[in-house]
Amino acid sequence: MLIIENQNYEAMSKKAAEHIIERVKQNPFLNLGLATGGTPQRMYEYLVEDYRKNGSDYQNVKCYNLDEYVGVSKDNKNSYYHYMKKNLYGHINIKEENTFIPNGMAKCLEHECREYEEKLTLSGGIDLQILGIGENGHIGFNEPGTPFNASTHIVQLDSSTRKANSRYFSTVEEVPTHAITMGLHSIMKSKEILLLVSGENKAEAFKQLTSGKITTDFPASILQNHKNVKVMECLGLNE
Ligand code: GLP
């Protein structure tokens, strides 16, 4: 696990974007795993700025998202589908058919999980997986207690996760209770992982991630067993 310290949130976001741009240049057919939440937002802005200025080419890139809320339709402003469209997909030349996000409105959620996992397998695997991390150590929506061998599955969100994510909703009650998430095993199959952690509120999570015990009580700890993880941190205030 390589830890890359950054001066501030701005510098971390820029460096993370540059890493993705570099990988896309090296492999125009990159399978890119993407995360949502507050942390990667400035990184996405840098990717869009780079696309507008330098014309980085995403036409053959495939993007797979970690997770999506259950019961939230694509056009709901709080869906991760909407988040990705607003923050990235709507601004670069990626093809819609090359963007994959679990369908939280699927009639049979179990079937959707199996199908999504199948898509990941048939893709040849994620080349570069971008991650954030929740304060309780969740990655994607893999909450504490998730088995390390889990593939894509339905999860009941922890109250702490719903509370943390309620800042995007009018009330915490509005935050969905369940989601579909790539499992820890799905994530661990990625060839390379870049995890972004920012803000004083993530200092404890960073400590457990990088030097804590490997335990399902803190899902992100399994990343210590991955041979190619870079952790980009800026644990000062979000600038
Ligand atoms: C959500 C997402 C995670 C993300 C986490 C932290 O739970 N499913 O992928 O890492 O929030 O988000 P933030 O970066 O806003 O702290």
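What the table below lists for this structure:
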{"quantity": "Cα-only Debye scattering, the range 190-229: base-10 log of I(q)/I(0) at q = 0.16, 0.24, 0.28 Å⁻¹", "calculated": "-0.39, -0.83, -1.02"}
{"quantity": "Trypsin sites (Lys or Arg not before Pro) within the range 50-156, DSSP loop, no more than 11 other Cβ atoms inside 10 Å", "calculated": "Lys77, Lys107"}
{"quantity": "Extreme residue, positive dipole direction of the chain, given options Gln26, Met105, Ile180 (C-beta unit charges)", "calculated": "Gln26"}
{"quantity": "The range 48-144: radius of gyration and largest Cα-Cα distance (Dmax), Å", "calculated": "14.4, 43"}
{"quantity": "Separation of alpha-carbon centers, the range 12-32 and the range 163-239, rounded to whole Å", "calculated": "20"}
{"quantity": "Förster-model FRET efficiency, 22 Å R0, Asp57 and Ser123, C-beta, rounded to 0.05", "calculated": "0.70"}
{"quantity": "For the range 30-95: rounded, prolate or oblate by the Cα gyration tensor [a/c cutoff 1.5]", "calculated": "prolate"}
{"quantity": "Phi to ³J(HN,Hα) by Karplus 6.51 cos²θ - 1.76 cosθ + 1.60 over the range 105-121, Hz, x for Gly, Pro", "calculated": "10, 4, 4, 10, 5, 4, 5, 4, 4, 5, 5, 5, 4, 4, 4, 4, 5"}
{"quantity": "Contact order normalised by residue count of the range 88-198, Cα under 8 Å, 6+ apart, percent", "calculated": "34"}
{"quantity": "3J(HN,Hα) from dihedral phi, the range 80-92, Karplus parametrisation 6.51/-1.76/1.60, rounded to Hz, x for glycine, proline", "calculated": "6, 4, 5, 4, 5, 4, 5, 8, 8, 4, x, 10, 10"}
{"quantity": "Within the range 23-61, backbone nitrogen closer than 20 Å to the virtual label 7 Å beyond the Cα of Asn228 toward Cβ", "calculated": "23-35, 60-61"}
{"quantity": "Label-reachable residues, the range 178-218, where backbone N falls under 19 Å from a point 7 Å from Glu5's Cα toward its Cβ", "calculated": "195-212"}
{"quantity": "Set of the range 133-149 residues, backbone N closer than 20 Å to the point 7 Å along the Cα-Cβ line of Lys213", "calculated": "135-139, 143-149"}
{"quantity": "Three-way shape call for the chain based on the alpha-carbon gyration tensor, with the a/c threshold at 1.5", "calculated": "rounded"}
{"quantity": "Anisotropy class of the range 161-239 from Cα gyration tensor, a/c 1.5 cut", "calculated": "oblate"}
{"quantity": "Positive-end extreme of charge dipole, the chain - chosen from Gly132, Gln7, Asn201 (charges on Cβ)", "calculated": "Gln7"}
{"quantity": "Straight-distance crosslink candidates among lysines, where the alpha carbon sits under 23 Å from Lys189 and sequence neighbours closer than 8 are dropped", "calculated": "Lys25, Lys62, Lys119, Lys213, Lys227, Lys230"}
{"quantity": "Sum of -39500 (n - 2.57) over DSSP H runs of 4+, divided by residues of the chain (222 nm, nearest 500)", "calculated": "-9000 deg cm²/dmol"}
{"quantity": "Simple Cβ-charge dipole of the chain, Lys/Arg +1 and Asp/Glu -1, about Cα centre, in debye nearest 20", "calculated": "340"}
{"quantity": "Bridge type composition, the chain - antiparallel percent by DSSP, nearest 5", "calculated": "25"}
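Any read-out appearing in this document is the output of simple, stated calculations on the displayed coordinates, not a laboratory observation. This is a predicted model, so every value here is computed, not measured. Methodologically, a virtual Cβ is constructed for each residue, glycine included, from the backbone with ideal geometry; neighbour enumeration extends over all protein chains shown.
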